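What follows is calculated from the coordinates using simple rules that are stated; it is not laboratory data. Computed from a predicted structure; not experimentally measured. With ideal geometry, Cβ positions are generated from the backbone for all residues, glycine too; neighbour counts draw on all protein chains shown.
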Amino acid sequence: VALSSLAERVLAGDPKAIARAISLVEDEAPDAGALLAELHPRTGRAWLVGLTGAPGVGKSTLADRLTAEIRSQGLTVGILAIDPTSPFTGVAILGDRITLGAHAGDAGVFVRSMATRGQLGGLARATGDAALVLDAAGRDVVIIETVGVGQGEVDIVRTADVSIVVLVPGTGDDVQAIKAGIMEIADIFVVNKADRDGADRTVQSVAAALALQTHDPRGWRPPIVQTVATTGGGVPELWAALTRFRESPAAGREERRRGRYAAALRDRLVQRLLRHVEESLPAGEIERSIERVAAREIDPLAAADELVKQVIRS
Ligand SMILES: Nc1nc2c(ncn2[C@@H]2O[C@H](COP(=O)(O)OP(=O)(O)O)[C@@H](O)[C@H]2O)c(=O)[nH]1
Ligand SMILES: [Mg+2]
């Protein structure tokens, strides 16, 4: 009963209920599954914007400015900030600063730093679920800020409705991005800190790398937008680029959504099956296998096969 009233309050857009619901999914609390089941049918409206880039490139500052721009269009915003490199310090404080700062008292803006307890897989899962909560709560745009390292994070960004990759001049991170395969996930590039020397050079190196890429079959060439997040310079242009992408047939929104659902379903499947295996085997069986692998009596793959066979037989 309490749960469905929480779901109702989330659906009504109540910020306290949204915060409570996100805590439940973050903790993977026993009630989280039932809550998500109630919310899921009411999702599918929010536009998920992934914002990724190295620490310090200005993602949070940019998210803040972009939020102001989006609010000026009369749309509501949710921001999810993930930063595994700064568990409870930087991002949390920044998150507070954003809420207490420019958008203080604006019920149309909800900011949340995702905690980094557990593994990154858990964080990616919690972030996906938190985005669902914000979607159900009627947020028009959900911005997901990540530092873009690790598969879990890259998956979050890849399956967002649009992905922005943020670079800054003079750090060589443009080259890093090209090497790390970040180029492929970008729908839009931002060269932030364009008030610094070398912004044009960074734009050129990204453009050169893009020109080398085989032509995108979607017919979308990622634009490169220069911004100065601290002053808001270039942010209207960034919003215009986002809108162009959204309206372009290249956006492939349904496909991205299916990608999100597929990733979520497979993730749950793995989680459930692993739990089933753990619960089905005699106590200590997995630990015994680990010991045998450590003693080099058996390799991990063969050990896993053995355990699975035991479960299927039982
Ligand atoms: N000069 C300059 N500094 C910026 C700009 N954008 C952000 N910063 C500063 O860069 C630092 C890191 O910004 P932050 O938004 O926390 O980066 P994040 O780690 O990517 O979220 C802060 O001190 C910002 O004030 C910009 O466009 N120009
Ligand atoms: Mg940040």
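When DSSP beta bridges are limited to those with both residues in the chain, what percentage is antiparallel, rounded to the nearest 5?
5
Using 1/(1 + (r/R0)^6) with R0 = 51 angstrom and r between the beta carbons of Leu212 and Ala68, what's the FRET efficiency to the nearest 0.05?
It comes to 0.90.
Using a Gaussian network model of the chain with C-alpha springs under 10 Å, which one of Ile82, Ile286, Ile22 is most mobile by mean-square fluctuation?
So, out of Ile82, Ile286, Ile22, the one fluctuating most is Ile286.
Between Gln271 and Gln204, what is the label-point separation in nm under the 7 Å Cα-to-beta-carbon projection?
Label at Gln204, label at Gln271, 4.8 nm between them.
Assuming R0 = 22 Å, what is the FRET efficiency of Glu237 and Thr43, from their Cβ-Cβ distance, to the nearest 0.05?
0.15
Which trypsin sites (Lys or Arg not before Pro) from region 228-310 combine a DSSP loop assignment with at most 13 other Cβ atoms within 10 Å?
Arg296
Using the reciprocal of the averaged 1/r over all distinct C-alpha pairs, how large is the Kirkwood radius of the chain in Å?
When all Cα pairs of the chain are included, the Kirkwood radius is 21.0 Å.
Once fully extended, how much extra length lies between Arg221 and Ser5, figured as 0.36 nm per residue of separation less the alpha-carbon to alpha-carbon distance?
73.2 nm
Once the principal axes of the Cα atoms of region 191-314 are found, what is the range along each, listed largest first in whole angstroms?
62, 34, 32
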